[in-house]
Amino acid sequence: MHPMVIDRRTFIGGLATSLLPGTATADGSVETLFASNIVERDGASAAVAYSSQRGLLHKQPLPGRGHDLTYNRTVGLLVAFARRPGNFAVAFDHKKDRPPQRFTTPKNRHFYGHGVFSADGRLLYTTENDFENAVGIVGVYDVAAGFKRIGEHRSYGVGPHDIAVLSDGRTLVVANGGIETHPDSGRRPLNIATMQSSLAYIDRETGDLLERYELAGDRQKLSIRHLDVAQNDTIVFGCQFKGPKWETVDLIGLHQRGRELEFLSGVPETNRALRQYVSSIAVDRAGEVAGVTSSRGQAVIYFDVGQRK
């Protein structure tokens, strides 16, 4: 792995960035579109869409601080999710052809900041907290019905954060961070001594657990937070370490169904750059190169997924 230390927030323009599909222009070039949640200088929160050629396309005000966004290619909508423990989400059209739609979790739930659409764009799956029972939830929302909540599945863990769908269009993979929180305590973790992080594969139609892999032993204090899907449904995941500040740990892992979790042994400068904290992960469209960021370390790291380096 090859660390590159830069000002991460300057690089991505916000706390969470999502790449929209590029489109060909009249001169044959490709216009790249980005979306990000931001906090403005006056403290206001918004989601923005940018063009690599035209600059700012749209700014959507948000009722609070956002975390991540997901894009529905079928209907052309972006959805910005509240940062934990917020319970709002806002769906908007970056082309400004339709008014935004705001929707919320039930009163006894809150978002964890991530979601993913089904391949046909009909359903949205979100990571949520059933905070009264300390149970992770995957919420199910009907897009055509104005993002009406039509059901939920268990996430088979505590603190589900990131979520993705595999190439079969049916299997969800969820990063259960393992950390219990409650809105009455803000963002304070309540179970560090007993936390149990896991990677869970779930049938999105039935809600059945297909496979689950826990972090234990000397990795028990690692919290799996972010992930993306590379070639052959290889999951690239990143962790945040909740143990002693002086410990050096590997934070980036790979997984395929039916196999054991695999961690990449980072060179010392890589581990120092990440500072025990992975903020986001993105895999390129070819599924070959992964980018990993650390807001704590102000670092961006790229590595070849197939070569494991």
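Some points to look at:
- Taking first residues from the range 34-56 that are closer than 15 Å to R83 by Cβ and partners that are open to solvent by 50 Å² or more (accessible area, probe 1.4 Å) and of a type in the set (S, T, N, Q), the Cβ contacts under 8 Å between residues at least 6 apart in sequence or on separate chains come to S36/T17.
- Leading residue by the ranking (farthest from S118 (Cα to Cα)) among those in the range 78-95 that are in contact with a Phe, Trp or Tyr (Cβ under 7 Å, 6 or more places away or on another chain) and open to solvent by less than 10 Å² (accessible area, probe 1.4 Å): A82
Listed here are the residues, each with its yes/no results for (1) among the small types (G, A, S); (2) within 29 Å of T206 (Cβ to Cβ).
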{"site": "S52", "(1), (2)": "yes, no"}
{"site": "P63", "(1), (2)": "no, no"}
{"site": "A82", "(1), (2)": "yes, yes"}
{"site": "I137", "(1), (2)": "no, yes"}
{"site": "D142", "(1), (2)": "no, yes"}
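- Qualifying residue in the range 162-175 (condition: more than 16 Å from L210 (Cα to Cα), touching a Gly at 6+ places or on another chain (Cβ under 7 Å) and modelled with pLDDT of 95 or more): no
- Checking each residue in the range 105-161 for being among the hydrophobic types (A, V, I, L, M, F, W, C) and more than 21 Å from P189 (Cα to Cα) picks out V116, F117, A119, L123, L124, V140, V143, A144, A145, F147, I150.
So that you can scan it fast, the table gives a plain yes or no per residue for (1) among the small types (G, A, S); (2) open to solvent by 10 Å² or more (accessible area, probe 1.4 Å):
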{"position": "V165", "(1), (2)": "no, yes"}
{"position": "G169", "(1), (2)": "yes, yes"}
{"position": "V174", "(1), (2)": "no, no"}
{"position": "P183", "(1), (2)": "no, yes"}
{"position": "S198", "(1), (2)": "yes, no"}
{"position": "R212", "(1), (2)": "no, yes"}
{"position": "A216", "(1), (2)": "yes, yes"}
{"position": "Q220", "(1), (2)": "no, yes"}
{"position": "I235", "(1), (2)": "no, no"}
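- Answer from R257, R296 - the residue that is open to solvent by 60 Å² or more (accessible area, probe 1.4 Å), at pLDDT 95 or above and touching a helix residue (DSSP H, G or I) at 6+ places or on another chain (Cβ under 9 Å): R257
- Complete set of residues in the range 185-196 that are of a type outside the set (S, T, N, Q) and open to solvent by less than 50 Å² (accessible area, probe 1.4 Å): G186, I192, M195
- Breaking point among (1) modelled with pLDDT under 85; (2) open to solvent by 30 Å² or more (accessible area, probe 1.4 Å), for L20: (2)
- Set side by side, the residues E132, E152, E128 differ, and just one is out of contact with any Pro (no Cβ under 7 Å at 6 or more places or on another chain) and not in a strand (DSSP E or B), which is E132.
- The residue that is farthest from G238 (Cα to Cα), among those in the range 262-285 that are open to solvent by 50 Å² or more (accessible area, probe 1.4 Å) and not in a helix (DSSP H, G or I), is R285.
The values are calculated or read from the model by the stated rules, or taken from the named source; none is laboratory data. Just so it is clear, the model here is predicted, and its values are computed rather than measured. A quick note on method: Cβ atoms are made from the backbone with ideal geometry, for glycine too, and the neighbour counts reach across all protein chains shown. With ligands, DNA and RNA removed, areas are computed over all heavy atoms of the protein, side chains included. Shrake-Rupley method; radii C 1.70, N 1.55, O 1.52, S 1.80 Å.
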